[in-house]
Amino acid sequence: MRQQDNVRKTGERKPDAALLAAVDEAAKILKAGGLILYPTDTVWGIGCDATNEEAVQRIYALKQSENKHAMLVLCPSADEIVRYVNRAPGIAFEVMEMATSPLTLILPGATGVAKNLIPDEGTLGVRVPDHEFCQRLLRKLGRPIVSTSANISGEKTPRTLPEITAEIVAGVDYVVNPRFQGRSTGKSSSIIAFGENGEVQVIRE
């Protein structure tokens, strides 16, 4: 069977060559400790390798804030999330599975990421993005990626690339082509925090 026929029968489409090239370039930048400006399933974000402490510190400097609670990480799947939080209750993943819109979980027992990402209470904000560019990049990199809104702390969260200030754009090493924005919601995700024993707190609806 020809590959084209197989693609048609399975409902899958051939990956866009430009998309794959952008993913390769972004992954190369992240592996080298660089920062990227990229679209997610919610809003545009500043990203770096979540295991690289120096890269995380660069984001703090760019945002002019060291608010660790404003920094979350993206993972490609729930199976990957459990590698970076070791005390998360099972109910958290049940809630994530039922979510119909972007949801960030604040989970206890952060581990395996840059120390300067972890607040004093030892939690980590995590999300599995429903977004082709992000998913391909996460799988290419093989590590979680920091996602924080692409703005100086206290300023308006940008929904699209043109809304991002020149200062932020100049402070990163690679800007992803906006053609790969896809179906972003244009608003920040909901946030729910979970305790080790299943305690639940809605932080942002």
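The values are calculated or read from the model by the stated rules, or taken from the named source; none is laboratory data. Note that the structure is predicted; figures quoted are calculated from it, not measured. For neighbour counting, all protein chains shown are included, and Cβ atoms are generated from backbone atoms with ideal geometry for every residue, glycine included.
Taking the range 161-176 as the range and being more than 17 Å from the chain's Cα centre (by Cα), part of a loop (DSSP other than H, G, I, E, B), farther than 15 Å from VAL56 by Cβ and in contact (Cβ under 8 Å) with a residue 24 or more places away in the chain as the test, only ILE164 passes.
For the range 176-205, a residue qualifies if it is surrounded by fewer than 18 Cβ atoms within 10 Å (Cβ to Cβ) and either aliphatic (A, V, I, L, M) or in contact with a helix residue (DSSP H, G or I) (Cβ under 8 Å, 6 or more places away or on another chain) (or both), and the qualifying residues are ASN177, PRO178, ARG179, GLY182, GLY198, VAL200, VAL202, ILE203.
Going by the conditions given, is PRO158 out of contact with any helix residue (DSSP H, G or I) (no Cβ under 7 Å at 6 or more places or on another chain), surrounded by 19 or more Cβ atoms within 10 Å (Cβ to Cβ), within 21 Å of PRO76 (Cα to Cα) and in contact (Cβ under 8 Å) with a residue 40 or more places away in the chain?
No; evaluated as a whole, the condition is false for this residue.
For the range 178-205, a residue qualifies if it is farther than 28 Å from LEU19 by Cβ and either part of a strand (DSSP E or B) or in contact with a strand residue (DSSP E or B) (Cβ under 6 Å, 6 or more places away or on another chain) (or both), and the qualifying residues are ILE191, ILE192, ALA193, PHE194, GLU196, VAL200, GLN201, VAL202, ILE203, ARG204, GLU205. Scanning the range 48-107 for residues that are among the charged types (D, E, K, R), under 19 Å from THR157 (Cα atoms) and crowded, with 22+ Cβ neighbours inside 10 Å turns up just one, LYS63. Screening CYS134 on (1) farther than 26 Å from ALA21 by Cβ; (2) in contact with a Ser or Thr (Cβ under 9 Å, 6 or more places away or on another chain); (3) at pLDDT 95 or above shows it passes everything except condition (1). Filtering the range 88-146 to residues that are in a loop (DSSP other than H, G, I, E, B), more than 15 Å from ALA50 (Cβ to Cβ) and β-branched (Val, Ile, Thr) leaves only THR100. Does ALA26 meet the test of being modelled with pLDDT of 95 or more, closer than 30 Å to GLU196 by Cα and either in a helix (DSSP H, G or I) or among the charged types (D, E, K, R) (or both)? Here the answer is no, as ALA26 does not meet what is asked. Taken over the range 72-87, the criterion of being out of contact with any Phe, Trp or Tyr (no Cβ under 9 Å at 6 or more places or on another chain), in contact (Cβ under 8 Å) with a residue 12 or more places away in the chain and in a helix (DSSP H, G or I) is satisfied by GLU80 alone.
Return the pair list, or none, for Cβ contacts closer than 7 Å from residues in the range 126-146 that are over 11 Å from LEU72 (Cα atoms) to residues that are in a loop (DSSP other than H, G, I, E, B) and among the β-branched types (Val, Ile, Thr), at least 6 apart or on different chains. Listed pairs, sorted by first residue: PRO129/THR40; HIS131/THR40; PHE133/VAL176; CYS134/THR40; ARG143/THR51. Take THR148 and decide whether it is crowded, with 19+ Cβ neighbours inside 10 Å and over 25 Å from LYS28 (Cα atoms). No; evaluated as a whole, the condition is false for this residue. If you go through the range 35-53 one residue at a time, do you hit one that is at pLDDT 95 or above and assigned to a helix (DSSP H, G or I)? Yes: one or more hits.
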